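Step one of this worksheet: look at the structure below.
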Amino acid sequence: MRSGILRHTTATIAITAIAAVLAACSPESAETVKEKLPRKEVASPEEQTTSPKVAPTRSAAELARDQYRHPAETLMFFEVDPGHTVVELWPGGGWYTAILAPYLKNNGQLIAAHFPADSEVGFFQKSRAAFNKRFLLQPEIYGNIYVTELAPPQKLTIAQAGEADRVLTFRNVHNWMRNRQEQAVFDEAFRVLKQGGILGVVEHRAPDSFSREKMVETGYVTESYVTQLAINAGFVPAGHSEINANPKDSRDHAHGVWSMPPTLRGGDVNRSEFLAIGESDRMTLKFRKP
């Protein structure tokens, strides 16, 4: 009974801390900042002095996504504590980084396994540059975020072996499937996690009937496929949640998942219908390293 009370108390404290971070992230405009120095180096006193001091920033567009992405509940399901070392895989523009970084700032560590800064892919270059400008020279707000580079198979070392308490990925598995590197990424997540550590996966959910080719084409992936990737890497399934489910999503769209908000690739075609549906139907899965 005592252990149950302790777990409940710890969970209550953690979700209160996450809620406080979300409440503090006001939709103010961010000022441009310089890029951070390489991992584990510290900016000079001059750079720290001249860096703009701005409040934690989440845009109005980002805040509008909370109703579909349920960040507090999702991070609680993944058992993320403020003292953890967390690896976020391919954070992109930093939607979850803006929540995770302040949450981990004082007692934990966020490692962003991002696109390579010198990528030949224009989108990757722009995304990484925008991430750097937004997050990396404001340690008083976001902490000292470490950045590694993930571009399998050439770049696959996201952290040191056994360094991480949690590895999290949000809507990325279908991207790695494009060049058949999804298993390599899951294997790397297993390598860097501590014993007992958790891999948390949120991904657009496909019907069980979808083939691998259909998954790549549409961006929707079956739960069974993601689960098998994790088991192949050595993980043990540790939970399933419907936090991010959306039964209104038929998962049958002209532009796949990109027909849905926030992308709305079809433009004005059926726009009102897609906006009424909201974001995609998503699995939320948890796997533990034995």
message = Need one number for the stretch 151-288: average projected area of the convex hull over its C-alpha atoms, nm².
response = 8.3 nm²
query = With each label point set 7 Å from Cα along the Cα-Cβ vector, what nm distance links Gln195 and Ala254?
reply = 5.5 nm
remark   = With Rh as the Kirkwood radius over Cα pairs, the stretch 104-214 has Rg/Rh of 0.98
task = Give the peptides 141-153, 77-89 in descending order of average Cβ contacts within 10 Å, highest first.
result = 77-89, 141-153
request  = Enter the per residue convex hull volume of the stretch 51-165, computed from alpha-carbon coordinates, in Å³ rounded to the nearest integer.
outcome  = 119 Å³
request  = With label points built 7 Å along Cα→Cβ from the Cα atoms of Arg180 and Asp208, find their separation and express it in nm.
outcome  = 2.7 nm
key: Qualifying trypsin sites (Lys or Arg not before Pro) for the stretch 231-290 [loop in DSSP, other Cβ within 10 Å: at most 12]   = Lys248
ask   = Given charges of +1 on the Cβ of Lys and Arg and -1 on the Cβ of Asp and Glu, with all other atoms neutral, how large is the dipole of the stretch 150-220 about its Cα centre, in debye to the nearest 20?
value = 80 debye
request  = DSSP loop (so not H, G, I, E, B), at most 12 other Cβ within 10 Å: list which GluC sites (Glu not before Pro) in the stretch 185-290 pass both filters.
outcome  = Glu242
message = Using the basic label-point model (7 angstrom from Cα toward the beta carbon), what is the Glu120 to Ile231 distance in nanometres?
response = 3.7 nm
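FYI, it's all coordinate maths here, none of it is from the lab. Being a predicted model, the structure only gives us computed values, none of them experimental. A quick note on method: Cβ atoms are made from the backbone with ideal geometry, for glycine too, and the neighbour counts reach across all protein chains shown.
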